[in-house]
Amino acid sequence: MTCAPGGCAVALSAADAERVAGILKALADPVRLRLFASIAACGDEICVCEIPDVGVSQPTVSHHLRKLREAGLIDSERRGTWVYCWATDLGSSLLRSVDALT
């Protein structure tokens, strides 16, 4: 194997690598991945009360949803006592990539 003349270029800047690593960390947890897939598959907003059971307690679901929001994969809005979530543009794009892996 040979490198191109002048050496190999860095594929990602340090800042981009940090950002992508944060997104991948958010999706690396199986519970978060299932929550994310349920939200993103709706194609629209979904009330957290309508998200299918993923086998963890409600406080744990809230924690995982916060991690997905922090990664920029979902967004949410409180309406009275209910919280509605939806996939961001980034999240929707990533869902298509995840679908390609399955």
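Any read-out appearing in this document is the output of simple, stated calculations on the displayed coordinates, not a laboratory observation. A quick note: this is a predicted structure, and the numbers were derived from the prediction, not measured. Every residue, glycine among them, receives a Cβ derived from its backbone with ideal geometry; neighbour counts consider all protein chains shown.
Observations, loosely collected:
- The angle separating the long axis of helix 14-28 from the principal Cα axis of greatest extent in the chain is about 40 degrees.
- Two-decimal log10 I(q)/I(0) for segment 15-101, as the Debye equation yields it once each C-alpha is a single scatterer, q = 0.14, 0.26 Å⁻¹: -0.44, -1.47
- Relative contact order %, segment 1-95, counting alpha carbon pairs below 8 Å whose residues are six or more apart: 29
- Crossing angle, helix 89-101 versus the chain [Cα axis fit, 0-90 degrees, rounded to tens]: 70
- Residue-count net charge about Thr60 - beta-carbon cut-off 14 Å; Lys, Arg +1, Asp, Glu -1: +2
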